[in-house]
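> Let me begin by handing over the structure; questions about it come next.
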Amino acid sequence: MGRSSKDKRDIYYRLAKEEGWRARSAFKLLQLDEEFCLFKGVQRAVDLCAAPGSWSQVLSRKLKKDDEKGTDVKIVAVDLQAMAPLPGVTQIQGDITKLSTAHEIIRHFEGHPADLVVCDGAPDVTGLHDVDEYIQAQLLLAALNITTHVLKTGGTFVAKIFRGKDITLLYSQLKIFFPSVTCAKPRSSRNSSIEAFVVCQGYSPPEGYVPNMSNPLLDHSYDVDFNQLEGPNRVIVPFLACGDLSAYDSDMTYPLQLDPNKAYQYLPPTQPPISPPYQQACHLRKNNLLSKEGLTSSCADEPKPSTKP
Ligand code: SAM
């Protein structure tokens, strides 16, 4: 496969490079904003699970544009992985499941709460759908927990979800904290993927709620089968496709020459990963060290490549 094949297969991958976004996910946040005006009046924003940083880029470009002096806007990006620096974005290399990360965010905002928290978090996908959905749901709960520490009353929380069979449980939990919860599917998110985004507006925790980092599912304090929720406990969340309907369809293949007057030109990624998990495997392959023999004879001191795909 040539370098242009991904450009051909994935129009948003290609547009991301043309417009200087670090990842195609930038379009998801842009299309969510088109529908929900997420950035209106936002001065403090948190990007959870931010690497390589395309959502932080969107926040920075959009919020700084609306802030005339560009000085009052504060953006904090958190990820387990290191991220190449972005002007105007404070980075925390940390875990969103940790209370210390919440404290660090608040410190950056000098004690003020955030207007907007976004989370595009995803664990490493195993390919086992049930496991992936479960882990994604755990990550979303972690994101919700940390959000309850840092978000202002009335604020907005946007997070990636996998719409699996237990999604009703997540909706129910979100509805405890937000009067308005919508499930949105941007045009740039493939139809073939169960990925979608919850847009939760008007943060209003139950009276007396004390933010904490506990996780009812992991703590085993729930023994209810949430698929059997009935009546008012079964929450129906509106589902919305968003992004201009004339926007590119992420499941379509487009010709490489979109503009007949311009020749196709391959562009390298805007920001190559700085320490990708596959780096060592590439190194071993390049140096012909992937065979067992090679590993035992000349590569004994190299850590073994991860077995993850
Ligand atoms: N929104 C990003 C962008 O536009 O560039 C892409 C995010 S990527 C799909 C998912 C990220 O979630 C990964 O960088 C991963 O390191 C991060 N992540 C997963 N679990 C995390 C955790 N517990 N704490 C912090 N980051 C986490």
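Coordinate-derived values only; no laboratory data. A quick note: this is a predicted structure, and the numbers were derived from the prediction, not measured. Counting neighbours? That spans all protein chains shown, and the Cβs are built from the backbone with ideal geometry, glycine included.
> Peptides 207-214, 34-41, 155-162: what's the order by average Cβ count within 10 Å, highest mean first?
155-162, 34-41, 207-214
> Output the relative contact order of the range 2-93, whole-number percent, from Cα pairs under 8 angstrom with separation of 6+ residues.
Here the relative contact order equals 23 percent.
> Given 10 Å bins starting at zero, what is the percent of C-alpha pairs of the range 37-150 in each, up to the one with the largest pair distance?
14, 46, 30, 8, 1
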